[in-house]
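*Asks:* What follows is a single structure, and I will ask about it in a moment.
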Amino acid sequence: MSHPAISATGLRKSYGDKVVLDGIDLHVPTGTVFSLLGPNGAGKTTTVNILSTLITADGGAATVAGADLATDPDGIRSAIGLTGQFSAVDNLLTGEENLFLMADLHHLPRRAGRRRAAELLDRFELTEVAKKKPATFSGGMRRKLDLAMTLIGDPKVIFLDEPTTGLDPRSRRTMWQIIRDLVANGVTIFLTTQYLDEADQLADRIAVLDGGRIVAQGTPDELKHRAPGGHMQLRFPDSSALRLASRVLQVSTSDEEGLALRVPTDGTVTALRAVLDRLEAEAVAVDSLTVHTPDLDDVFLSLTGHRTEATKEMAR
C-alpha cells in the first residue's frame, strides 16, 4: 500500500483554557477526498491550519505528503496548496497578475510561470476576464481564481476550507467538478464544509469533529447506516388494510387520513422483504412503498445534537 497523503496522531491544540483539538487521529489515502465535518467552533479550521503549517500543534504528530510536520515543514509547504475560507485574491491586480504573482512566489521561471497561468485561466474558464480586476468578478469566478492560484505550484495535497460557502448552486456544481477532476489526476483533497450534500457528493471518507474530538469516521454510507431514523412508508387502499397491517407489523405510527404506515427499518433488502412477506402471508394489500434512509444531516444531528449552520440557513 502507498503511504497516506495525510496521517495525524493525537493532534492537540488549546488557546488558554479552551481546548480546540483534543487528540485527534486522521488517515487520508492518496488520491481521495477526505471531508471534515463539524459545527462552528469544532476545530475544523484549526486542523487545516496545523496540517498546512500555519500554526503549530501543542501535541501529537503528523505527516503530509510524506513530510513530517515537526521536522520538515518546508517539505509540506512545497507539496500542498491551501484555499482558505476567505479569498486570497488581490483586488489591486488583474486575474492574470494574481496568477503571475503566485508563479513568482513558487520560483517558477518566467516563461513557465506565464504558461502555467494561461493553462489555469483556460481550465477555469477565466481567459475572457484575465485582464480584469477581481473586484468585478462574481463570487464563483473569484473562488475559481482563488483555487487556480492554489494550483500554480502543482500541489499533491490541497486543503479546501469551506470552498463553496456563499456560492450559487451553479457555481457550487462547477467547483465540485473541478475537485473531481483534480482527484482523478491523483491529487488528494482535504475538505471542510458546512454543506452535508457537498460531503456526500465528493468525499470518499468523512470524519465528524465535535468539541475538539473525532466522534465518527467512515464512508458516507457507513455513517448513514449508523444513524437512527431509517424507515419505510407503506400506503394501503383502505382503512381496513391499514388497521390489519398495523396489527401484523405491531406498529402504531400510522396516518389514518393518508392511509399510511411508517415502519422502522435499516433499509436493507432483507428487512424490506421480511416486512412484505409478513403482509403477503396475511393477505394485506399494499398500494405503494417508499424507503427513507438517514442522510448526512441525520448523522450530524445524531452525533452532535444539532444541525449545521448551512442546514439552518436553508430552513429559514
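The values are calculated or read from the model by the stated rules, or taken from the named source; none is laboratory data. Note that the coordinates shown come from a computational prediction; the quantities given were computed from them, not determined experimentally. Cβ placement follows ideal geometry from the backbone for every residue including glycine, while neighbour counts extend to all protein chains displayed.
*Asks:* Tell me whether the stretch 223-239 contains one or more residues that are in contact (Cβ under 8 Å) with a residue 12 or more places away in the chain, farther than 12 Å from residue 293 by Cα, of a type in the set (Ser, Thr, Tyr) and assigned to a helix (DSSP H, G or I).
*Replies:* Within the stretch 223-239, one or more residues are in contact (Cβ under 8 Å) with a residue 12 or more places away in the chain, farther than 12 Å from residue 293 by Cα, of a type in the set (Ser, Thr, Tyr) and assigned to a helix (DSSP H, G or I).
*Asks:* Out of (1) in contact with a Ser or Thr (Cβ under 8 Å, 6 or more places away or on another chain); (2) of a type in the set (Gly, Ala, Ser); (3) at pLDDT 90 or above, the odd one out for residue 227 is which?
*Replies:* (3)
*Asks:* Under 7 Å between Cβ atoms, at least 6 apart or on separate chains: pull out the pairs that start in the stretch 50-73 with a residue that is more than 13 Å from residue 9 (Cβ to Cβ) and end on any residue that is of a type in the set (Gly, Ala, Ser) and outside any helix (DSSP H, G or I).
*Replies:* So the pair list comes out as 58/14; 65/5.
*Asks:* Criterion first (of a type in the set (A, V, I, L, M), more than 21 Å from residue 86 (Cβ to Cβ) and over 19 Å from the mean Cα position of the chain (by Cα)) does residue 130 satisfy it?
*Replies:* Values: of a type in the set (A, V, I, L, M): yes; more than 21 Å from residue 86 (Cβ to Cβ): yes; over 19 Å from the mean Cα position of the chain (by Cα): yes.
Yes, satisfied.
*Asks:* Within the stretch 39-65, track down each residue that is at positive phi and crowded, with 18+ Cβ neighbours inside 10 Å.
*Replies:* Listed by number, the residues that qualify are 43, 53, 60, 65.
*Asks:* Then there's this: What number of residues within the stretch 205-227 satisfy the criterion of being surrounded by 16 or more Cβ atoms within 10 Å (Cβ to Cβ), farther than 20 Å from residue 45 by Cβ and within 12 Å of the chain's Cα centre (by Cα)?
*Replies:* Number of matching residues: 1.
*Asks:* Say whether the condition of being free of Cβ contacts under 8 Å to residues at least 24 places away in the same chain, under 24 Å from residue 5 (Cβ atoms) and surrounded by fewer than 20 Cβ atoms within 10 Å (Cβ to Cβ) is met by at least one residue in the stretch 107-129.
*Replies:* Within the stretch 107-129, the first condition is being free of Cβ contacts under 8 Å to residues at least 24 places away in the same chain, and the residues that meet it are 107, 109-112, 114-115, 118-119, 122, 125, 127-128.
Now narrow it down to the ones that are under 24 Å from residue 5 (Cβ atoms): 107, 119.
When the remaining residues are screened for being surrounded by fewer than 20 Cβ atoms within 10 Å (Cβ to Cβ), the result is 107, 119.
Scanning the stretch 107-129 turns up at least one residue that is free of Cβ contacts under 8 Å to residues at least 24 places away in the same chain, under 24 Å from residue 5 (Cβ atoms) and surrounded by fewer than 20 Cβ atoms within 10 Å (Cβ to Cβ).
*Asks:* Just name the residue that is nearest to residue 295 (Cα to Cα) out of those in the stretch 245-285 that are modelled with pLDDT of 90 or more and of a type in the set (Asp, Glu).
*Replies:* Out of the qualifying residues, it is 277.
*Asks:* Could you say whether any residue in the stretch 87-100 is free of Cβ contacts under 8 Å to residues at least 12 places away in the same chain, in a loop (DSSP other than H, G, I, E, B) and either touching a helix residue (DSSP H, G or I) at 6+ places or on another chain (Cβ under 8 Å) or assigned by TED's automatic domain parsing to the domain that holds residue 147 (or both)?
*Replies:* Scanning the stretch 87-100 turns up no residue that is free of Cβ contacts under 8 Å to residues at least 12 places away in the same chain, in a loop (DSSP other than H, G, I, E, B) and either touching a helix residue (DSSP H, G or I) at 6+ places or on another chain (Cβ under 8 Å) or assigned by TED's automatic domain parsing to the domain that holds residue 147 (or both).
*Asks:* Tell me, please, whether a residue that is assigned by TED's automatic domain parsing to the domain that holds residue 50, assigned to a loop (DSSP other than H, G, I, E, B) and either at pLDDT below 95 or in contact with a Phe, Trp or Tyr (Cβ under 8 Å, 6 or more places away or on another chain) (or both) can be found in the stretch 111-123.
*Replies:* no
*Asks:* Suppose the filter is at pLDDT 95 or above, under 18 Å from residue 186 (Cβ atoms) and of a type in the set (Gly, Ala, Ser); does residue 62 pass it? Talk me through it step by step, then tell me what you get.
*Replies:* Details: at pLDDT 95 or above: yes; under 18 Å from residue 186 (Cβ atoms): no; of a type in the set (Gly, Ala, Ser): yes.
Here the answer is no, as residue 62 does not meet what is asked.
*Asks:* Going by the structure shown, is residue 105 within 30 Å of residue 16 (Cα to Cα), among the aliphatic types (A, V, I, L, M), assigned by TED's automatic domain parsing to the domain that holds residue 174 and at pLDDT below 95?
*Replies:* So residue 105 does not fit the description; no.
*Asks:* Can you tell me which residue in the stretch 147-171 is surrounded by the fewest Cβ atoms within 10 Å (Cβ to Cβ), limited to those that are in contact with a Phe, Trp or Tyr (Cβ under 8 Å, 6 or more places away or on another chain) and part of a helix (DSSP H, G or I)?
*Replies:* Only one residue fits best here, namely 147.
*Asks:* Looking for whichever is touching a helix residue (DSSP H, G or I) at 6+ places or on another chain (Cβ under 7 Å) and assigned to a helix (DSSP H, G or I) here; the options are 189, 179. Which one fits?
*Replies:* Within the list 189, 179, the selection yields 179.
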